[in-house]
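Engineer: Structure incoming, see below.
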Amino acid sequence: MKSFPIFVTDMKHANNIIIALIASLMATNAGAAGKDVLLPYGDMNRWTIRHVKESGVIGGATKTLYEVGPNRTLTGNKPYVNGGGSPWGTSNVMAKVMGVVKTNNSVYRDKHGSGYCAKLVTHIEKVRVLGLMNMKVLAAGSLFLGDMKEPITGTKDGPKAMNNGIRFTQRPKALKYDYMFKAAGTANRVRQNGFSSAKTVAGRDYGITVLYLQKRTEDAKGNITAKRVGTLVVKYGKSTGGWVNGATYEILYGDIRHNPHYDAATMGLRSTDYARNSKGKSVPVKEVGWASADETPTHLVLQFSSSHGGAYVGSPGNTLWIDNVRLVY
């Protein structure tokens with residue numbers, strides 16, 4: 001696999017590069033059915049390392065954050081922007097709440113064979129300032145196609161800061177990747193958002209993979225609606241005890257509500273995901289229906305997470321490792 005040493009400064013340019021890279025990779029494999037196409041940076045071997053100094057009132061420590069991107073080291077409290085044509089965002093963020101700079105790191109670079117992989121961890125992030133704040137927030141490790149807008153200014157702003165999905169017009173048959181999972185082993189989950197005490201959420205936590213192919217439309221006011229073209233959801237509830245290489249999952253096209261594998265809670269139409277519109281504003285992507293099975297998508301949404309219950313819900317200790325992310329044609 002060739003390296004593409006391209007640096008960009010805005011996501012519109014980055015999306016164009018990503019489309020070109022994927023098209024180039026597909027052309028390389030043209031004419032051979034069932035070929036795998038590695039997503040840009042999907043081998044998880046290149047990482048950007050960030051050193052961010054937290055505010056003195058919470059200790060002033062310099063924290064290390066990891067991002068899937070070109071091999072480089074960034075120092076300073078500057079908002080992160082995807083670099084090198086990398087399409088990947090993570091739940092690793094720099095926040096600035098009430099003037100206090102705090103970081104969260106729940107995605108790590110880890111060893112896998114002779115290279116690296118992504119390690120996604122669910123944990124409790126704590127921040128305490130005497131007389132000002134005392135917060136505990138559950139953070140799941142999340143790796144996704146898109147980017148985050150920094151700094152995060154409050155726990156309620158986290159989902160809105162996430163620009164979910166990239167431009168994509170292909171119709172792959174399946175998603176393929178290597179993974180390993182370690183379950184926390186607790187019967188129930190917790191919800192902890194920083195503003196109230198922890199609450200028990202019934203049900204075991206799962207690691208999860210979601211892939212949605214969407215045909216999006218933006219109106220004159222910047223509102224985004226979408227029809228669902230393709231769907232894939234995989235949940236992991238038991239520890240694997242080691243790596244599972246080349247796991248392959250079929251993408252289901254069209255209206256899948258009568259498919260025996262359909263789960264309305266995870267596969268149903270959604271309106272809680274955010275994306276930035278053409279005006280640069282973060283707006284919800286409202287899915288309004290199912291596209292026909294032969295429709296061409298405009299966007300690819302792909303996310304791996306160490307917990308499945310949404311923002312601030314999960315079981316500390318759940319860990320999901322991901323590597324070699326490919327699409328199968």
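Engineer: Output the antiparallel fraction of DSSP beta bridges having both residues in the chain, as a percent to the nearest 5.
Structural biologist: 90 percent
Engineer: Rounded, prolate or oblate: which one fits the stretch 62-127, using the alpha carbon gyration tensor with axes a ≥ b ≥ c (rounded when a/c is under 1.5, else prolate when a/b beats b/c, else oblate)? Write down the numbers at each step before the final one.
Structural biologist: Numbers: a/c = 2.24, a/b = 1.40, b/c = 1.60.
Note, shape of the stretch 62-127 comes out oblate.
Engineer: Just to compare against my own numbers: the Cα pair-distance distribution for the stretch 177-269, 10 Å bins, whole % per bin, please.
Structural biologist: Computed distribution, short to long bins: 13, 30, 32, 22, 3, 0.
Engineer: What do you get for Rg/Rh of the chain when both radii come from the Cα atoms and Rh is the Kirkwood radius?
Structural biologist: Taking Rh as the inverse mean 1/r over Cα pairs, Rg/Rh reads 0.95.
Engineer: Oh, and also: With a/c under 1.5 counting as rounded, go ahead and sort the stretch 183-329 into rounded, prolate or oblate using the C-alpha gyration tensor (a ≥ b ≥ c being the square roots of the eigenvalues; past the cut-off, prolate if a/b is larger than b/c, else oblate).
Structural biologist: Oblate is the answer for the stretch 183-329, as a/c is 1.5 or above yet b/c matches or exceeds a/b.
Engineer: Tell me the relative contact order for the stretch 164-275 as a rounded percent, counting alpha carbon contacts under 8 Å between residues six or more apart.
Structural biologist: It rounds to 31 percent for the stretch 164-275.
Engineer: Per the 1.4 Å probe, what fraction of the accessible area of the stretch 151-206, in percent, lies on carbon and sulfur atoms?
Structural biologist: Working: 1370 of 2820 Å².
After summing per-atom areas, the C and S share lands at 49 percent.
Engineer: Give me the 1.4 Å probe accessible area per residue for the chain, excluding ligands and nucleic acids, in Å². Present the calculation step by step, with values, prior to reporting the outcome.
Structural biologist: Numbers: 15040 Å² over 329 residues.
Spelled out: the 1.4 Å probe surface of the chain, per residue, equals 46 Å².
Engineer: Follow-up. Under the rule of -39500 (n - 2.57) per DSSP H run of 4 or more residues, summed and divided by the residues of the chain, what mean residue ellipticity at 222 nm is obtained, to the nearest 500 deg cm²/dmol?
Structural biologist: -2000 deg cm²/dmol
The values are calculated or read from the model by the stated rules, or taken from the named source; none is laboratory data. Being a predicted model, the structure only gives us computed values, none of them experimental. These accessible areas exclude ligands, DNA and RNA; they are computed on the full protein's heavy atoms, side chains included. Shrake-Rupley method; radii C 1.70, N 1.55, O 1.52, S 1.80 Å.
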